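Asker: So that we are looking at the same thing, I have put the structure below in structure tokens.
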Amino acid sequence: MKLLKIAAGVLNQIPLAWEHNKQNIINAIEEAQRQNVSLLCLTELCISGYGCEDAFFAQNTIDQSVASLLDIVEHTSGIAVAVGLPLRHNNRTFDVACLIANKRILGFTAKQFMANNGVHYETRWFQPWPPYVRDEIKIGDFMYPFGDVVFDLSGIRIGFEICEDAWVASRPGRLLYERGVDIILNPTASHFAFLKSQVRERFVVDASRAFGVSYVYSNMLGNEAGRMIYDGDAMVASNGELLVSGPRLSYEDFLIVSAVVDVEATRLNQTQNRANLSLAYPNLRVTTTFDWPDIAPVIQKAELEAWERGGYLKEEEFARAVALGLFDYLRKSRSHGYVLSLSGGADSSAIAALVFLMIRMAVQNIGLDGVKKKLGYIKAIQACKTPEEMVGKLLTVMYQGTENSSDDTFNSAKTLADDIGATFMNININGLVETYRGLIEEQLGRKLSWDSDDLALQNIQARVRAPSIWMLANLNNALLLSTSNRSEAAVGYATMDGDTAGSISPITGIDKHFLRGWLRWLETVGLNVKNEWTPADRTGTVSDPSASDELIKVKGLSVVNSLQPTAELRPLDKKQTDEDDLMPYDVLNSIEECAIRDKQPPLEVLKMIEVRYAGSYDRDRLLLWVERFFKLWSRNQWKRERYAPSFHLDDHNLDPRSWCRFPILSGGFEKELADMRDWAADQKPNTRKGKIGF
């Protein structure tokens, strides 16, 4: 056996935060050295940060990255480390991985395939590098290999697939296999999406089997730049077996997930594989000496964390991803807390619960003192002794009622705020609404009524709530949370400068149908925190399986879960509900999925939902809802352009700045809707041509 201790290192970085990023990398290297790791793979573009956007065009970004790299090199005694950075070569910018060993830069491997779909826009900034091409680049006073490079460290061959390289059919791993590589490193910045970790695990394990290698996968961690959340997925697989899998969605600055691999075992796999072409490509190889210490065998078997085995993976992922996203957004913006207009409805209640989970999960993960240290600039929390006490300092909610508000929603808001420990305020804005109404009536010379002025009378109530909650956010030096969900964004069921007001919109990436089910789950089932990882578990070893279960539930959601969603903007006797105004939320979600995600025209959408809701709704009603969706979608793109930044959670996202672009002005699907109506009329038995009276 030839055993090596190798590791994936995940990092929580910040774009263009040079000192923070460099020190985090150095700390991770020093932790790996303490654990006697010989080869460490850190994340893609970890020196500069992945989300630098057009700052990648700036020469200063390249210069600062190189300066940080040269400082990091001095901390690599006795270890080989892969770090990511942008480099400029022949007036082109490349996304590269640099391999350092024993305080020496060995060379740079450039990414071959750029991610250019969905949230990614890499071809705007980076040039793909062609296979089989090696050049040189000058860094400081020395020239280094650059391009498609394989590293030979005392007989151990190491190659790279950088993020997107592993997601394409013609992945570089195939060429690395032909060159007899022993280890493939994959530094990556793969954004969070529901259930995506399962896809990653498949291509990591399959690559280790098909290419006969040990494969190290290291993903970025946390809310790096604002919209995207990274789950810190870390894996080591060998010969088709997953040896270790690290914790996801951690609040740590970095994590080291290590494994012991047997190089002779993977070489035997390649030797016995008759498809091995054994091509040399010696000009692409960088050879140097490196002392690989003797390692004792260990028994390894990757295990999922308890929360990933509990049967509610999407609910758990939503809670943990958004909570981590909020925590990093708070600390990286140097804000002193969050402020929320808590109506007692599902949306604002979900956001309040997520802020509570943000603190509970952070404390559970890194301890109360760890949270205080990370939020050390917030003096108000330093004396807190419980998570609930900390929530009271970091979350202020305000109920703003009018004559159209009910006791039910007030009780819902108050019950939840008391349960989670938020600071609760209550004001009545009816006088402000009446003042605006009176001013406009005086200018128009007539009275406003619900029969003729319904929309304006609804919207003024929502808009009047904005100035007071903004004022509270300013006074607290806090961020205002916007409360719109994705279903509302799709059809514009929101008041601009009212419930859309805010600095960050945590739930605009999720639909209302899921959100209502998630609230019931959080009240009755809760997050599973058994076998949670702690700082001592950085070796990649799962905590004691005998540890007791703990479930984090929010019992204060009981009232909101008993209510029918309503905007409460019309008089109470009109019994306004969201679904009466729009359509059932599950139907809306199905239409949106087919129309927007799958890009189908109205007729195809109608055919699909007829099958899905057969026996529940007749065709005339479904046709009405499809038509309503497409009309509202088309006329409300301007609203989606103005929403506060939201978190990306899946491929249903409607954010025009990161995922789903649509013209502000368009034909509104008029022809397509007419085609749908004609088809539906033609299907009715008594109107078919040649079938009169049938």
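The values are calculated or read from the model by the stated rules, or taken from the named source; none is laboratory data. Everything numeric here is computed off the predicted structure, so don't read it as measured data. Reconstructed Cβ throughout: ideal geometry from the backbone, glycine too, with neighbour counts over all protein chains shown. All accessible areas refer to the heavy atoms of the entire protein, side chains included, with ligands and DNA or RNA removed. Shrake-Rupley method; radii C 1.70, N 1.55, O 1.52, S 1.80 Å.
Asker: Does the stretch 378-423 classify as rounded, prolate or oblate by the C-alpha gyration tensor (a ≥ b ≥ c root eigenvalues; a/c under 1.5 gives rounded; else a/b over b/c gives prolate, otherwise oblate)?
Answerer: oblate
Asker: On the full set of protein chains, 1.4 Å probe, figure out the accessible area of H75 and give it in Å² to the nearest 10.
Answerer: Around 70 Å² of this residue is reachable by solvent.
Asker: How high is the relative contact order of the chain, given as a whole-number percent (alpha carbon pairs under 8 Å, six or more residues apart)? Please report the intermediate quantities before stating the final value.
Answerer: Numbers: 1401 pairs, mean separation 79.8, N = 694.
Over the chain, the number comes to 11 percent.
Asker: Please report the spacing between the Cα centers of the stretch 665-686 and the stretch 413-454 in Å, no decimals.
Answerer: The stretch 665-686 and the stretch 413-454 have Cα centres separated by 40 Å.
Asker: Which of rounded, prolate, oblate describes the stretch 400-542, given a ≥ b ≥ c as roots of the alpha-carbon gyration tensor eigenvalues and a/c under 1.5 marking rounded, otherwise prolate only if a/b is larger than b/c?
Answerer: Details: a/c = 2.44, a/b = 2.22, b/c = 1.10.
Since a/c reaches 1.5 and a/b is larger than b/c, the shape of the stretch 400-542 is classed as prolate.
Asker: Give the carbon-plus-sulfur fraction of the accessible surface of the chain in %, rounded to a whole number; probe 1.4 Å, heavy atoms of protein chains only.
Answerer: For the chain, the apolar C and S fraction of the accessible surface comes to 50 percent.
Asker: Let me ask something additional. Could you state the orientation-averaged shadow area of the convex hull built on the Cα atoms of the stretch 338-410, in nm² to one decimal?
Answerer: Average projection, Cα convex hull of the stretch 338-410: 5.3 nm².
Asker: Let me ask another. Could you please put M676, M114 in sequence from largest to smallest accessible area, using a 1.4 Å probe?
Answerer: M114, M676
Asker: Give K314/K639; K22/K374; K314/K553; K639/K671 a once-over and call out the pairs whose C-alpha atoms are over 20 Å from each other.
Answerer: Violating the 20 Å Cα-Cα cut-off are K314/K639; K639/K671.
Asker: Measure out, as a whole number of angstrom, how far apart the alpha-carbon centroids of the stretch 112-133 and the stretch 202-259 sit.
Answerer: Each part's Cα centre sits 21 Å from the other's.
Asker: Taking the 0 to 90 degree range and rounding to the nearest ten, how far is the long axis of helix 670-683 tilted relative to the main principal axis of the chain, both from C-alpha atoms?
Answerer: 70
Asker: Summing +1 for each Lys or Arg and -1 for each Asp or Glu, what net charge is found among the other residues whose Cβ lies under 9 Å from the Cβ of K555?
Answerer: On the way: positive: K553; negative: D419, E523.
So the environment of K555 carries a net charge of -1.
Asker: May I ask you to derive the relative contact order of the stretch 154-284, considering only C-alpha pairs under 8 Å and at least 6 residues apart, and to give it as an integer percent?
Answerer: On the way: 246 pairs, mean separation 28.6, N = 131.
Contact order relative to length: 22 percent.
Asker: Once each part is reduced to its C-alpha centroid, what is the distance from the stretch 615-656 to the stretch 456-482 in angstrom?
Answerer: 25
Asker: With the cut-off at 1.5 for a/c, could you classify the chain from its C-alpha gyration tensor as rounded, prolate or oblate?
Answerer: It is prolate, given that a/c is not under 1.5 and a/b is the larger ratio.
Asker: How much accessible area per residue does the chain have, counting only protein heavy atoms and a probe of 1.4 Å, in square angstrom?
Answerer: 40
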